[in-house]
Amino acid sequence: MQEFEKLGVFYLGKEYDMEQSQLQDDLVLYQSKNLTTHAVIIGMTGSGKTGLGIGILEEAAIDNIPVIAIDPKGDLGNLALNFPQLQGDDFLPWVNLNEAANKGFTAAEYAQAQADLWRKGLADWGQDGNRIQRLRSAADVTVYTPGGSAGPGVSVLKSFSAPSDQVRNDKDAFTDRIHITTTSILSLIGIEGDPFTSREHILIANILEHAWNLGQDLDLAALINAIQTPPMETVGVMNLESFYPSKDRFALAMMLNNLLASTGFKAWLEGEPLDVNRFLYNDAGQPRVSIFSIAHLADNERMFFVTMLLNEVLSWVRTQPGTGSLRAILYMDELFGYLPPTANPPSKTPLLTLLKQARAFGLGLVLSTQNPVDLDYKALANAGTWFIGRLQTERDKERVLAGLEGAAAGGNFDRQRTEQILAGLGQRLFYLHSVHADEPVIFNTRWTLSYLAGPLTRDQIAALPNNRKIITASTGLSDIAAVKQNPAAINLPTTDLNKLAPVLPPQIQQVFIPALSGNAADLVYTPAVIGSADVLYNSAKNGVAITKSITLLAPLNEGPVVLDWNEAHQIELDIRELDTEPLAGASYAASPAAVADPRNYEKWKKLFAQFIRTNIKLKLFSNPKLKVVSEIGEDERDFRVRMLHLAHEKRDEALEVLTKKYSSKIDVLEGKHRRALQAVEKQSAMSNQKKLEAAVSTGAAILGALFGRKSVNATSISRVGTAVKSTSRALKSGQNISQAQETLESIENQLQELQMELEQQVEKISNNYDVLAENLEEIEIRTTSGNITVHLVCLAWVPGHYSSSEI
């Protein structure tokens, strides 16, 4: 069964014959790219809904698809319980001791019994410990507990980060983010603020808009201060005091301050920042499964966190390029209360937006619920796949049927037949309706690779291996940020400071690096030399032609070597940001006499260009298999992330090409096979039934391999050979071999050759796009003198702060 693992299909289970109440041999394989049109799982408690959801997430992890999962009930932490050796000792910390006692087992005995049960269950579904190991190797599973301490925390309220330029430049996206963030903040203090009528909502939204337009982040403390002293004097056309008097603003600020001062609030400030990219991929660029367990939170805290997370996911989605392949999955284990039909909780807007827009960027939503009545089925009509399990009441069935009918608008939907099927579903049996398939499927879910221990306790969450790791996100500052935060990074002695700038010849250009903060009276300018150039790096071999702006800041020294570009710092500063005048009242550090000689700057300019040519090489990463080179500023992690999804896109495209390539071949062979059978029929005494079964067997095997809902996989392909042999045996049981039968056998030989050809193509696709294990190549490109355009080499004054006593 392992052959389809790399082909972008999820093994969900096996088909089930409702009439015969019998499990079939046909595997149900779901194409991962179809999940970009989203999926809904609906089933009552005990239907097997959680097992199906965990199975889908296991398949995603094996296929290197990252997952963010919201877990209101505490069940999804079971995804971390993967035991390849299937030994009782592995199961022991996770078994239910009450169940063990009720069945008369000791804890160790029950753990061994569970291990044996899992080994047998996996074997019955064609799986084993090797597949568990594959899942374990592929999935970096972490269970977060925002607002709690059992697992790693999430720093939700430490900062309301300004959105990216891309979001700020998109008016609708920017407005949505302001609205959703404001609604989330107010929900924490029990205020349901309407964006058009609530002055609380309007005020906070205006504060966020003002800060974010300046690119400034806000924490809760800064927001509280801004509420008391807003950065605007009017709201709309009304005076601020008339719109929202200071006394009333103080009351709102106090509500937020009480929240900030509460003993349990500290947990919301600790942990990883709310960074979707970091939750999807680790520092090495490998996919993650990030589960957010929120069972311990109060209802308003759950709503707040879910809304903030959805908001961040929406912002992340809008920064991704378009794709037709599955990039990531957002899974929600209980949708009840977050997407109601009439009410408008804070979570509804981002969910609706994601359902409508995320598919274009490769994010698939999988939304699960055991409460099918209180759902917005107009919104869920955006879901292309529905998994329906056993339902509890007739009302539930009616709502689900109405939802399915809406989702199937424009397609074929047999309401009466569907109603009969839903009425007969049992445990682990699901009705699969997909806009990507011609017919619905009834299937039995496969055995999960993860141990289903039920909701994890606080102690169990804390004991999960990845939860014991402290995961830190990279927060490195660029060189220029460091210079701006510590402008005196280039140090000269702080003695001999002057209040007057040195008098230099007029042909010597002087610039001043902007000072971000501080009192001008305490500001000291230190001399340095700045050089800026545009550099073209060109490599025909690697297909690279990139222009990079390089700015260096070099200290000045006393002595024979006044300036050495080897001591320079490379900074990310646009030379248009440089000031041409100093701040009034600042002091100046002493400068070497060499800065007063204009001839030195020409010499330093030549040395600057020479230094770039010999010392500053463009370092990039290359993926030889995909023939792609990293972009400027793209680190190894981000390059690996991009290559992983590119490989998925290439694989999906290759499968599409394979399908189109073999469609005509199959049509021709099917026609020849049918005519040959008809010719043999005239000379054979076989029963019509036996001939028919053989013909159907051959056709179904070939078509199922390429065009059926089972997608392309080696398991389906192997049936071609079995079916061909079946036909051959059926024909040989008739009269002597005739000319017609020889023709038929010739066609069957072609079918055998087609099988081998398909197997080779499948293996090739499988190998070509397995990029995770591939080592990247690091390439270095030097520039040439002719490709260096120097724009500036001159005296630069770098601001720093010293106490006034030193001046």
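Read the figures in this text as sums done on the coordinates, not as results from a lab. Predicted, not measured: the structure shown is a model, and the values here were computed from it. Note that we place each Cβ from the backbone using ideal geometry, even for glycine, and neighbour counts take in every protein chain shown.
Could you name the aspartates and glutamates in cross-link range of K625, using Cα to Cα under 17 Å and dropping any fewer than eight places away on the same chain?
Cross-link targets: E636, E649, D652, E653, E763, D770, E774, E777, E778.
Can you compute the label reach from T457? Point 7 Å from Cα along the Cβ direction, backbone N cut-off under 19 Å, restricted to segment 110-130.
110-112, 114
Give me the distance between the Cα centres of segment 352-403 and segment 242-295, rounded to whole Å.
That distance is 29 Å.
What aspartates and glutamates could a cross-link reach from K266, if we take a straight Cα to Cα line under 17 Å and drop same-chain neighbours fewer than 8 places away?
Filter leaves D219, E301.
Using only the Cα atoms of segment 170-226, build the gyration tensor, take square roots of its eigenvalues as a ≥ b ≥ c, and label the shape rounded, prolate or oblate: rounded if a/c is under 1.5, else prolate if a/b is larger than b/c, else oblate. Walk me through the numbers on the way to the answer.
Numbers: a/c = 1.84, a/b = 1.15, b/c = 1.60.
Cα axes put segment 170-226 in the oblate bin.
Over 25 Å between Cα atoms, which of K548/K605; K33/K627; K541/K603 qualify?
Violating the 25 Å limit, Cα to Cα: K541/K603.
Using only the Cα atoms of segment 147-281, build the gyration tensor, take square roots of its eigenvalues as a ≥ b ≥ c, and label the shape rounded, prolate or oblate: rounded if a/c is under 1.5, else prolate if a/b is larger than b/c, else oblate.
Note, shape of segment 147-281 comes out oblate.
Taking just the C-alpha trace of the chain, give me its Rg and Dmax in Å.
Spelled out, the Cα radius of gyration and Dmax of the chain are 33.3, 115 Å.
State the extension gain, in nm to one decimal, for the chain segment bounded by L536 and N102, taking 0.36 nm per residue of separation less the distance between their alpha-carbons. Please list the in-between numbers first.
Values: separation 434, 0.36 × 434 = 156.24 nm, distance 7.46 nm.
Extending this stretch completely gives an extra 148.8 nm.
Under a plain spin-label model, where a point goes 7 Å from the Cα along Cα-to-Cβ, how far apart in nm are S155 and T393?
4.6 nm
Rg to Rh ratio, segment 32-148, alpha-carbon atoms and Kirkwood radius?
Checking Rg against Rh, the ratio lands at 0.98.
Once you have the alpha carbon radius of gyration of segment 110-204, what is it after dividing by 2.2 N^0.38 Å, with N set to its residue count? Please report the intermediate quantities before stating the final value.
Numbers: Rg = 23.3 Å, N = 95, 2.2 N^0.38 = 12.4 Å.
The reported ratio for this selection is 1.87.
Report the one residue of L500, Y11, I42 whose Cα lies farthest in the direction of the positive end of the charge dipole of the chain (charges on C-beta: Lys and Arg +1, Asp and Glu -1; origin at the Cα centre).
Comparing the listed Cα positions along the dipole, Y11 ranks first.
Taking amide H positions as placed in the peptide plane 1.01 Å from N, state which residues far from I41 in sequence (5 or more) or on other chains have amide H under 5 Å from it.
L367, S368, T369, F387
Using a 10 Å cut-off on Cβ atoms, rank the peptides 392-401, 582-591 from the highest mean neighbour count down.
582-591, 392-401
Order 606-616, 363-373 from most to least packed using the mean count of other Cβ atoms within 10 Å.
Answer by packing, highest mean first, reads 363-373, 606-616.
Say the dipole of segment 25-124 comes from +1 at the beta carbon of Lys and Arg and -1 at that of Asp and Glu; which of L86, A115, G53 then lies farthest toward its positive end?
G53
Putting +1 on Lys and Arg Cβ atoms and -1 on Asp and Glu Cβ atoms, find which of G585, V535, Q570 reaches farthest to the positive end of the dipole of the chain.
Sorting the options by dipole projection puts first V535.
Using θ = phi - 60° and the Karplus curve 6.51 cos²θ - 1.76 cosθ + 1.60, what whole-Hz ³J(HN,Hα) does each residue of segment 379-385 get, with Gly and Pro shown as x?
Each residue of segment 379-385 in turn: 5, 6, 5, 6, 7, x, 10 Hz.
Using a Förster distance of 60 Å, how high is the FRET efficiency between F196 and Q750, based on the Cβ-Cβ distance and rounded to 0.05?
About 0.30, to the nearest 0.05.
Answer rounded, prolate or oblate for segment 324-371, using the Cα gyration tensor with square roots of eigenvalues a ≥ b ≥ c: rounded when a/c is under 1.5, else prolate when a/b is larger than b/c, else oblate.
Working: a/c = 3.17, a/b = 1.62, b/c = 1.96.
Taking the square roots of the gyration eigenvalues as a ≥ b ≥ c, segment 324-371 is oblate.
For V141, enumerate residues with amide H under 5 Å from its amide H, sequence gap 5+ or separate chain, H modeled in the peptide plane.
V289
Compute the distance in nm between two label points, each set 7 Å from the Cα along the Cα-to-Cβ direction, one at D667 and one at T342.
Taking the simple label geometry, D667 and T342 are separated by 5.3 nm.
Calculate, for D128 and T263, the FRET efficiency according to 1/(1 + (r/R0)^6) with r their C-beta to C-beta distance and R0 45 Å; round to the nearest 0.05.
Efficiency computed from Cβ-Cβ geometry: 0.35.
Calculated from DSSP H runs of 4 or more alone, at -39500 (n - 2.57) each and per residue, what is the 222 nm mean residue ellipticity of the chain, nearest 500?
-13000 deg cm²/dmol
Length gain on complete extension for the stretch A251 to D574, per 0.36 nm per residue less the alpha carbon to alpha carbon distance?
111.8 nm
Compute the long axis of helix 199-213 from its Cα atoms, compare it with the longest principal axis of the Cα atoms of the chain, and write down the angle in degrees, 0 to 90, nearest 10.
70 degrees
Between L117 and I508, what is the label-point separation in nm under the 7 Å Cα-to-beta-carbon projection?
8.5 nm
Going by amide H atoms built from the backbone, whose H comes under 5 Å of the H on G362, apart from near neighbours?
Here the answer is T323, since their amide H atoms fall under 5 Å of that of G362.
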